[in-house]
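Readers should treat all values here as calculations from the given coordinates under stated rules, not as data from a laboratory. Please read these numbers as outputs of a predicted model, since none were measured by experiment. Note that we place each Cβ from the backbone using ideal geometry, even for glycine, and neighbour counts take in every protein chain shown.
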């Protein structure tokens, strides 16, 4: 009796494991070797022992005060401006639902996170992209706002180590984006999931911080910031936060979803608070930054060894999970890579036309695996129809 694809999907415990790939540079999350398993286990044990009723009960709508204070300490903001969430995707869904009356179009960058766009489409929005040929993101956004002025519900941006490109907006660009939002009276939803992948001393102010206190004409926050602990601690925690003015947060948290269930992720919020307080969160963030840097260097070295210059990084790697690689035939390389047991994604997945990029993610491969994947993807770039020897060496 054979096992069907649907049976495999029902049996797997981790998203994507139904079709395992030997060298997987696709997922935008941390693999097992980078997960702080013991720290998280210790934190859960402590929270359950010290705060059993709080840990396993409904929490306050905005989230437990210790968690809000922990996030405030991480970001240097007022804890009253923080609401705890079950990650970013769930809150994008709530925000999209709440904004339906404001218009039918959401503005995103020329290439942007595909699954956020899927959330928006679930609510009937159209996705409008900035022009890919425009190299200045601020000018590109201004052009899109002019074109879609009447129908825009909000702007969705990931200005720090964005998915898929890994690019970070400068402080000058961020200020210019805030000015554009004010001029066109359009709200910004900021996805700041990867902020902790930047050294604190080098991390630019978020759009939410720069836009603090600013409102649209209908008295909505000009910027709503969304953050996440999942890119440091592990995606399964589904713990994040929303940053906005306190008076708006209280109005937002009165929605039926929160009044019915309280805090969106009570126990994980308390665990996050514990990990921030004992220093494990900051230690884990430093470890993640160091390991991802090793993997990025290894992959880039590998493609340089075999690609004959056909594959080149689009920019200096500045941190984070993602790399954006110029490629002559990304779709063919993606397909060839699959045959080789390597997963990378062509830029078309993220809205790109035929110009040619690959998105590479470093969360689940070792440095040794990243180097081998780079060599083999580089070789494919010289002849995408040719496969190389399968990588079987024990890791």
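Some points to look at:
- Beta bridge orientation in the chain: antiparallel %, DSSP, nearest 5: 50
- Tensor-based shape of the stretch 15-133 (alpha-carbon gyration tensor, a/c under 1.5 rounded, otherwise prolate or oblate): oblate
- Remark: the residue 175-residue 58 segment gains 38.2 nm on full extension, using 0.36 nm per residue and subtracting the alpha carbon distance.
- Percentage, to the nearest whole number, of Cα pairs in the stretch 37-279 over 30 Å apart: 24
- Per-peptide average of other Cβ atoms within 10 Å, ordering 228-239, 64-75 highest first: 228-239, 64-75
- Gain upon complete extension [residue 185, residue 12; 0.36 nm per residue less C-alpha separation]: 57.7 nm
- Over the stretch 236-278, the hull volume per residue, using the convex hull of the C-alpha atoms, is 80 Å³.
- Dividing the summed -39500 (n - 2.57) terms of all DSSP H runs of n ≥ 4 by the residue count of the chain sets its mean residue ellipticity at 222 nm at -12500 deg cm²/dmol.
- Cα gyration tensor shape of the stretch 73-191, rounded if a/c is under 1.5, else prolate or oblate by comparing a/b with b/c: rounded
- Dividing the radius of gyration of the alpha carbons in the stretch 273-321 by their Kirkwood radius gives 1.22 for Rg/Rh.
- Over the chain, relative contact order from alpha-carbon pairs under 8 Å, at least 6 apart, %: 23
- Treating r as the C-beta distance of residue 308 and residue 114 and R0 as 30 Å, the FRET efficiency rounds to 0.50.
- The protection proxy used here, the mean number of other Cβ atoms lying within 10 Å of each residue, ranks peptides 332-339, 166-173 as follows, highest first: 332-339, 166-173.
- Centre separation in Å (Cα based) which lies between the stretch 15-65 and the stretch 218-291: 13
- Mean Cβ neighbour count within 10 Å, used as a protection proxy, ranking 369-381, 125-137 highest first: 369-381, 125-137
- The stretch 176-331 - Rg over Rh from alpha carbon coordinates, Kirkwood radius: 1.05
- When the chain is treated as a GNM with alpha-carbon contacts under 10 Å, the residue of 363, 225, 309 showing the greatest mean-square fluctuation is 309.
- Reducing the stretch 125-176 and the stretch 326-385 to their Cα centroids gives an inter-centroid distance of 26 Å.
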